[in-house]
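Here the structure comes first, spelled out in structure tokens, and everything after it is commentary.
The values are calculated or read from the model by the stated rules, or taken from the named source; none is laboratory data. This is a predicted model, so every value here is computed, not measured. We place every Cβ from the backbone using ideal geometry, glycine too, and count neighbours over all the protein chains shown. In case anyone asks, the SASA skips ligands and DNA or RNA and just uses the protein heavy atoms, side chains included. Shrake-Rupley method; radii C 1.70, N 1.55, O 1.52, S 1.80 Å.
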Amino acid sequence: MAIILEINDLEVEIDNKNILNGLSLSIEQGEIAAIMGPNGAGKSTLASVLAGKEGYFIKGGSVKYLGKDLLKMSIEERATTGLFLAFQYPVEIPGVVTSVFVRTALNAQRKMRGENELDAAEFLKLARVKAKELQMSEDFFSRAVNVGFSGGEKKRAEIFQMAMLSPTLAILDETDSGLDIDALRIVAEGVNRLRSNKLSGLVITHYQRLLEYLIPDTVHILAKGKIVKTGGKSLALDIENKGYQGIMGVS
Amino acid sequence: MTNILDIKDKYIDLYHKNKSLLPGNNLEWLNKIREDDISQFKLYGIPNTNVEEWRSYSYKYLTKNYYSLSLKEGDLNGLPNIEERDFNCSLRIVFSNGKMIRVDCDEIPAGIKINSLKYFIKNHPELIKNDIKSVNHYLDPRLSQTLDIKSQSLVSLNSAFYEDGAVIYVDKNIEVPGYIEIIYLDSIEDNSMYHMRSIVNLDEGAKCNIIERTINSNNKNKLFFSSKVTNINLSKNSSLSLMRLIEGNLDNTHINNLYAELDEDATLNNSSFVFSKGESREEIRVRMQGQGSNANIDGLILGGKKSKNEILTKVSHLNKNSKSNQNIRIVLDDESRGAFQGKIRVDKGANKTMANMSGKSLLLDKLARVYTKPELEILADDVICSHGLTVGNIDKEQLFYLCSRGISKKEAEKILIEAFSKIIIENLSNLFKEKAEKRIIEYYEKK
């Protein structure tokens, strides 16, 4: 299988504080990898750095995405080549209509790939199907992006965007946080529906619960800015039973 | 460059030399207003930053230049192309050099009197007598009961020099179809000025939509100054929607003073769109005299390079149950300056007043500056009033979110700026929306 993402010895600093200390990780085509770890381990930093957020100082290491140097790509370039980040805290944007935003994004990506842009009717047809799969009511199309959405709606809207943009590599940053069990199942099923050998995923989570529905191929444990243990899906269960301390001896 | 006191004396001289040429110099009442006002101007001159309402920044062209009067008649040569009237434009009046040059319409709708001020002064002076006012009429006492004359000194200068303007009277219960468009073309000689006085008077139950537009006649920057004073009188149950689109070149100064008086249940919707590259100032003063009157005062300033644009509002609630809403949005790029001074005054006894003011500014460059000041003077007990002013930059989290979906940074910024000023467009009547949106797009294309 081809390697989609290859992180080598990544060191990242924020405000002179080391957050990632030589993190290495690779994801193959079609693989869903879970990253678990205690608070402050650097999970969200990893997600942000991969998506290209400003404010992080890359001290060392490399990240290859589809064979290219990811760290040299702009945020929008990463997105148009198929990298998608589902935000832990989706941003509210008053005054921007959700359907207009998603269509603009989809068309920007399609244009970049040399495909035809979708007109409003074509877009709506596709959006209706995807929204239905996620059990979302269509009136969110005309609402402002994430404004007044409940926690569950925001996370579902992220997965909706993911479904619309059909990425190559999806990074889910604690998509399970703030979700009740029903919403969690709907979100996980939404992701499962997108699973194929064309989609790879990096699922960042605190708890094993999400992984009951969204079964990973591999589980990595991140602590103090490094991957300290890698295993199969059973590793997630061990953590649930013994805690991070029990497994790693880490605090 | 001239001293501000010399400039004052020169304008007074100019008035005395020129007064025999002014329209209406045979009318005693009109002469008296001009004389009274020039003597006010003699006392206070051109306002500088020592005057409270002119503190935001200095209007360097006004305070350092003497402008001669543009004596040229408006002429049709060398005018920019104005697009054809659209389907909804029932009537169009065109001014050049501050003088009317053309009225375009198929037929003047019944129940409307519309022409140039010059025409009315010559043919029907009795009709406009009550709508031509001295600056004293427009002054409001401060809490200390003193009158702040200095801040409106340019209106007295306007009194001394205006020759023309648009005059619109709409009869009782007449609804003017579509909208009336007033176009101002600034094709005048270098270092000159013109002054205009306009009147809009709606009788009981009348309804009217007006678009006012200043258009740069050419791309050459010319030092010039225009002053437009508009007197609006809205009788019981009448409704006026006014959209003003203000353009200007680098060395232009546009000063607009709008005074509106609202009777019982009358409605004023005013939206100002300011795109000037030079200096501009919109002063909108509304007196809500009738019970149940309504005023919506909106404004959008888009500034760039070295532009300086200011909006000043004063909404006075003088009677019960009146409502006002103010929404001002300012987007500034480069080293531009912008200002919003908003005031709500609720007089004693004006109970059940509802007055809201929201002013938001977005600074796109670290060199851009905005000055905003809300003022509330509330002398009644039973009122609902609110004010909120904010100044900020483009939200980095929002920008990152949009870009992370594949939208380019430039496009994402555009989306966020549009979202920021969206309320001003949303509040427009459908008749105006498309025109305003088109102008905003043109502004960004030319930028």
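Remarks
- One residue alone among B:V135, B:V167 is open to solvent by less than 30 Å² (accessible area, probe 1.4 Å), touching a residue at least 40 places away in the same chain (Cβ under 8 Å), within 21 Å of B:R244 (Cα to Cα) and not charged (D, E, K, R), and that residue is B:V167.
- B:K396 closer than 30 Å to A:E54 by Cβ and of a type in the set (K, R): yes
- Residues (assigned to a loop (DSSP other than H, G, I, E, B), in contact with a strand residue (DSSP E or B) (Cβ under 8 Å, 6 or more places away or on another chain) and either of a type in the set (G, A, S) or surrounded by fewer than 17 Cβ atoms within 10 Å (Cβ to Cβ) (or both)) located in the stretch B:108-123: B:I108, B:G111
- Filtered by the rule that a residue be more than 9 Å from chain B (Cβ to nearest Cβ) and under 14 Å from A:L126 (Cα atoms), the stretch A:96-106 gives A:S99, A:R103.
- When residues of the stretch B:356-376 are limited to those that are over 21 Å from the mean Cα position of the chain (by Cα) and surrounded by fewer than 16 Cβ atoms within 10 Å (Cβ to Cβ), the one farthest from the other protein chains (Cβ to nearest Cβ): B:L376
- Odd one out for B:D190, checked against (1) open to solvent by less than 20 Å² (accessible area, probe 1.4 Å); (2) free of Cβ contacts under 8 Å to residues at least 40 places away in the same chain: (1)
- Some residue of the stretch A:11-33 being within 14 Å of chain B (Cβ to nearest Cβ) and at positive phi: no
- For B:V167, the requirement of being of a type in the set (A, V, I, L, M, F, W, C) and touching a helix residue (DSSP H, G or I) at 6+ places or on another chain (Cβ under 8 Å) is met.
- Residues satisfying the stated conditions in the stretch B:146-162, i.e. more than 17 Å from B:L117 (Cβ to Cβ) and assigned to a loop (DSSP other than H, G, I, E, B): B:T146, B:D148, B:I149
- Exactly one residue out of A:K130, A:K111, A:K154 is touching a helix residue (DSSP H, G or I) at 6+ places or on another chain (Cβ under 7 Å), modelled with pLDDT under 95 and charged (D, E, K, R), and it is A:K130.
- Output for the stretch A:79-95, where each listed residue is more than 11 Å from chain B (Cβ to nearest Cβ) and within 18 Å of A:L194 (Cα to Cα): none
- Test: B:I417 is within 14 Å of chain A (Cβ to nearest Cβ), surrounded by 15 or more Cβ atoms within 10 Å (Cβ to Cβ), outside any strand (DSSP E or B) and touching a residue at least 24 places away in the same chain (Cβ under 8 Å): yes
- Qualifying strands (runs of 3 or more DSSP E) (wholly inside the stretch A:175-240; at least 2 residues being open to solvent by less than 10 Å² (accessible area, probe 1.4 Å)): A:200-205, A:218-223
- Residue in the stretch A:126-136 that is open to solvent by less than 20 Å² (accessible area, probe 1.4 Å), β-branched (V, I, T) and more than 9 Å from chain B (Cβ to nearest Cβ) present: no
- The residue of the stretch B:140-160 that is least open to solvent (accessible area, probe 1.4 Å), among those that are more than 19 Å from B:T49 (Cα to Cα), in contact (Cβ under 8 Å) with a residue 12 or more places away in the chain and not small (G, A, S), is B:N158.
- Taken over the stretch A:143-171, the criterion of being surrounded by fewer than 22 Cβ atoms within 10 Å (Cβ to Cβ), at the interface with chain B (Cβ under 10 Å from one of its Cβ atoms) and touching an Asp or Glu at 6+ places or on another chain (Cβ under 6 Å) is satisfied by no residue.
- Within the set B:E437, B:E411, the sole residue that is more than 14 Å from chain A (Cβ to nearest Cβ) and out of contact with any Cys (no Cβ under 6 Å at 6 or more places or on another chain) turns out to be B:E437.
- The residues in the stretch B:43-67 that are touching a helix residue (DSSP H, G or I) at 6+ places or on another chain (Cβ under 6 Å) and either surrounded by fewer than 18 Cβ atoms within 10 Å (Cβ to Cβ) or not charged (D, E, K, R) (or both) can be counted, and the count is 8.
- So A:S99, is it out of contact with any strand residue (DSSP E or B) (no Cβ under 8 Å at 6 or more places or on another chain), hydroxyl-bearing (S, T, Y) and open to solvent by less than 70 Å² (accessible area, probe 1.4 Å): yes
- Flag for B:I330 being in contact with a Ser or Thr (Cβ under 8 Å, 6 or more places away or on another chain) and part of a helix (DSSP H, G or I): no
- Test: residue in the stretch B:18-38 that is touching a strand residue (DSSP E or B) at 6+ places or on another chain (Cβ under 8 Å), surrounded by 18 or more Cβ atoms within 10 Å (Cβ to Cβ), not aromatic (F, W, Y) and not in a loop (DSSP other than H, G, I, E, B): no
- Each residue in the stretch A:46-82 was checked for being open to solvent by 20 Å² or more (accessible area, probe 1.4 Å), touching a strand residue (DSSP E or B) at 6+ places or on another chain (Cβ under 6 Å) and of a type in the set (S, T, Y), and 2 pass.
- Candidate set: the stretch A:108-120, residues that are open to solvent by less than 60 Å² (accessible area, probe 1.4 Å) and more than 18 Å from A:A131 (Cα to Cα); chosen: the one farthest from the other protein chains (Cβ to nearest Cβ): A:R110
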